[in-house]
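The values are calculated or read from the model by the stated rules, or taken from the named source; none is laboratory data. Since this is a predicted model, take the numbers as computed values, not measurements. As a convention, Cβ positions derive from the backbone with ideal geometry for all residues, glycine included, and neighbour counts pool all protein chains shown. Just the protein is used for accessible areas: all its heavy atoms, side chains included, with ligands, DNA and RNA removed. Shrake-Rupley method; radii C 1.70, N 1.55, O 1.52, S 1.80 Å.
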Amino acid sequence: MLSSLLSCGVLASAIFASCAATVTTVSVDGTASHSIPPLLFGQMFEASQYGDGGIYAELLQNRAFQQVKPNVIDALFGWAPINGTSINVIADPIPLSGALPNSLELTIPSGSSGQVGFGNEGYWGINVNASWTYNASFYYRFPRASNFSGKFTVMLQSSMGVVYANASIPVSGSTTAWMQVMVHLTPTSSPVSTTNIFTVTVDGASAIGETINFAMFSLFPPTFKGRTNGLRMDIAQATQTLYDMKPSFFRFPGGNNLGKSLSTRWQWNATVGNLTDRPGRMGNWGYINTDGLGLLEYLYLCEDMEMEPIMAVWAGYSLDGASLPENDLAPYIQQAIDQINFVIGDPATSKPAALRASLGHPEPFNLQYVEIGNEDFLASKSYMYRWKDFAEHLEATFPHLKFIATSHLFNRTLDPIPKQYDNHVYQTPGWFAENTFYYDSVERNGIYYFEGEYAVVSTNASDLFGKSFNGRLVYPNMQGSVGEAAFMTGLERNSDIVFAASYAPLLMNTANYQWSPNLIAFDASHVYPSTSFYTQQVLFSLNRGTEYFPSTLPQNGTLYWSVTRDAPTNTVIIKVANTGMTAEEMLFELPFNSVHGTGNATVLSGSATANNSPETPNAVMPVTSQIKTGKSFSYTAPAYSVNVLRV
């Protein structure tokens, strides 16, 4: 490998310094050193209404009154009475199911007239689109039989009462057992505003004195690939979002989503089957998870998006700091075995696999990697016995699977010795650029690494997780995205031992988020890909290549690069991150006998603080242009830029 002929600059810790007006020469070796692993770039979910109110397409918030305390006003979040009725969440004496003990009690008072009932505001708005047909449903019953005969009117309307869609359902007071009703709603127009509500009403005058209980509401728009109980189309696929990112893997269910406590941990068997059998749980980020997006839905997400799952199992530690004693682990190890069998087991020999088959997927799903726990460096002492017990049992049951440890990478105290480690880092732009060589000196000893979570979160190294006024990013910006890109060139260079990497977190509802920044922001009707999204998608995931070519190494300046080749198309792919505040000239020397005279450059660049937000959603976008190339060619990388050159 040749040395750099010219280099410049010293990296500042908080902002990137500029380089002198020199030329950086990059000489490329003509022999590939290793293949690019197929899973190198992927996704993970966490925080900020990523599932409920996010990619999970259900539009109604608090749809089944899960995990709320009855007879208190807070249990009604998302719901409001219409025209003087009384509504209350009660512990129903005849619940819809054991998993859903609560119902919504509607009481029509004397003097009522006109349409009375209740409405739901959705997750900070409902997108009403005239090109869609919405599927609405709910259960109802009369606690006491009556002579009432009338109809429910189900509507999508504005908060000011403009009706966009409606349907009527006959209803009889003799219905004392739970009955489900389903209607289709096709709006007549598409309002710009999302301050819309879903309503259920009856004629007040004819229903005076009646009490009606309701449970398990649902309102779904069309979903990604038409899946029942599926994904929000615009987040899942629409232009420039998840599916088009072409990720290779999906890490689920988290992350911290595995559980804050023993009682509220994610349990696979509580997330499958009929929605009426899913109790939901208080999630780690301060809001209730319906678990409508459950294990089977995660697996269908992977299947539909052509991703490979990296699945985690809960391993005896929760974020409240509690670790189970070793003598108590056995039932939780069995639960992990059952979880894996649900995914890949034989229905003829495994009850969890038979359950999967009964739910419509008799064939096993694809699964290679299972992560044992999450961030167990937080409880490294107990992880020594937890890893040992979980790993030994799981490896014995599933010898063909690969198990990932989540303790510190370089604190090798675990037995059996892990073959895979998960590493997480949230830092500043400067840290990521300075650590582009993080894995270069790691011993090649048969251990492989998963960069499971990484992102620039702040420009202030002394207060990484502080407030936005003190450096914390709300949305990724160019300075941060370029720092991440510099780090990613190191991941690509070391992809002989780094087998996968995922930016984190993935999704953020702008109306209610608990963590920032995130790769993609969204609201009720729009999706906002960030500068880091374009770095991940256009500049790396879609241009990863199949084999890595060694080249001159960066030398403590502001320029970082990697070189790969896509063998099927015989295309050389050069990625360049310029972390400095001035443009930098580069000279590339290729060792190949025949090189086209022209190529393409895709560039993402902007000022250090430039970002894509709801106010400026397209402030920074990748631009592709033709460039002159050859065995030796010059290229100028703009300030704060990520560049992909295809030759």
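Quick notes on this one:
- Amide N proximity, the range 419-455 versus Lys388 label position 7 Å along Cα-to-Cβ, cut-off under 17 Å: 419
- Shape of the range 205-287, Cα gyration tensor, a/c cut at 1.5: oblate
- Helix 380-397 and the longest principal axis of the C-alpha atoms of the chain enclose an angle of approximately 80°.
- With contacts taken as Cα pairs under 8 Å at a separation of at least 6 residues, the range 366-473 carries a relative contact order of 22 percent.
- Extension gain (nm, one decimal) between Glu443 and Ser263, 0.36 nm per residue minus Cα-Cα: 60.8 nm
- Principal-axis tilt of helix 295-304 within the chain, Cα atoms, nearest 10 degrees: 50 degrees
- Candidate residues His393, His424: accessible-area rank, largest first, probe 1.4 Å: His393, His424
- Computed extension length for Ala91-Asn147: 17.7 nm, one decimal, from 0.36 nm per residue of separation with the Cα-Cα distance subtracted.
- Percent of beta bridges antiparallel (DSSP, the chain, rounded to nearest 5): 70 percent
- Acute angle (nearest 10 degrees) that the helix 330-344 long axis makes with the longest principal axis of the chain, alpha-carbon atoms: 80 degrees
- Looking at the range 493-560, the pairs of alpha carbons with a distance over 14 Å make up 70% of the total.
- In nm, spacing of pseudo-spin labels at Met179 and Asp566 (7 Å Cα→C-beta vector): 5.8 nm
- Beta bridges per DSSP with both ends in the range 409-538, % antiparallel, nearest 5: 20 percent
- Share of carbon and sulfur in the accessible heavy-atom surface of the chain [1.4 Å probe, %]: 53 percent
- (1) 1.06; (2) 2.17; (3) 1.37, with the label sought being that of the calculated Cα Rg over 2.2 N^0.38 Å: (1)
- In straight-distance terms, cross-link reach from Lys628 covers every one of the lysines whose alpha-carbon lies under 30 Å from its own, apart from those fewer than eight places away in the same chain; here that gives Lys246, Lys575.
- Note on Asn274 and His424: the extension gain reaches 50.5 nm, defined as 0.36 nm multiplied by sequence separation minus the Cα-Cα distance.
- Average accessible area per residue (Å²) across the chain - probe 1.4 Å, nucleic acids and ligands excluded: 37 Å²
- For the range 306-392, the relative contact order comes to 39 percent (Cα pairs under 8 Å, sequence separation of at least 6).
- Alpha-carbon centroids, the range 246-321 and the range 135-165: separation in whole Å: 33 Å
- Among the chymotrypsin sites (Phe, Trp or Tyr not before Pro) in the range 336-400, none sits in a DSSP loop with a Cβ that has at most 14 other Cβ atoms within 10 Å.
- Percentage relative contact order, the chain, counting C-alpha pairs under 8 Å, at least six apart: 18 percent
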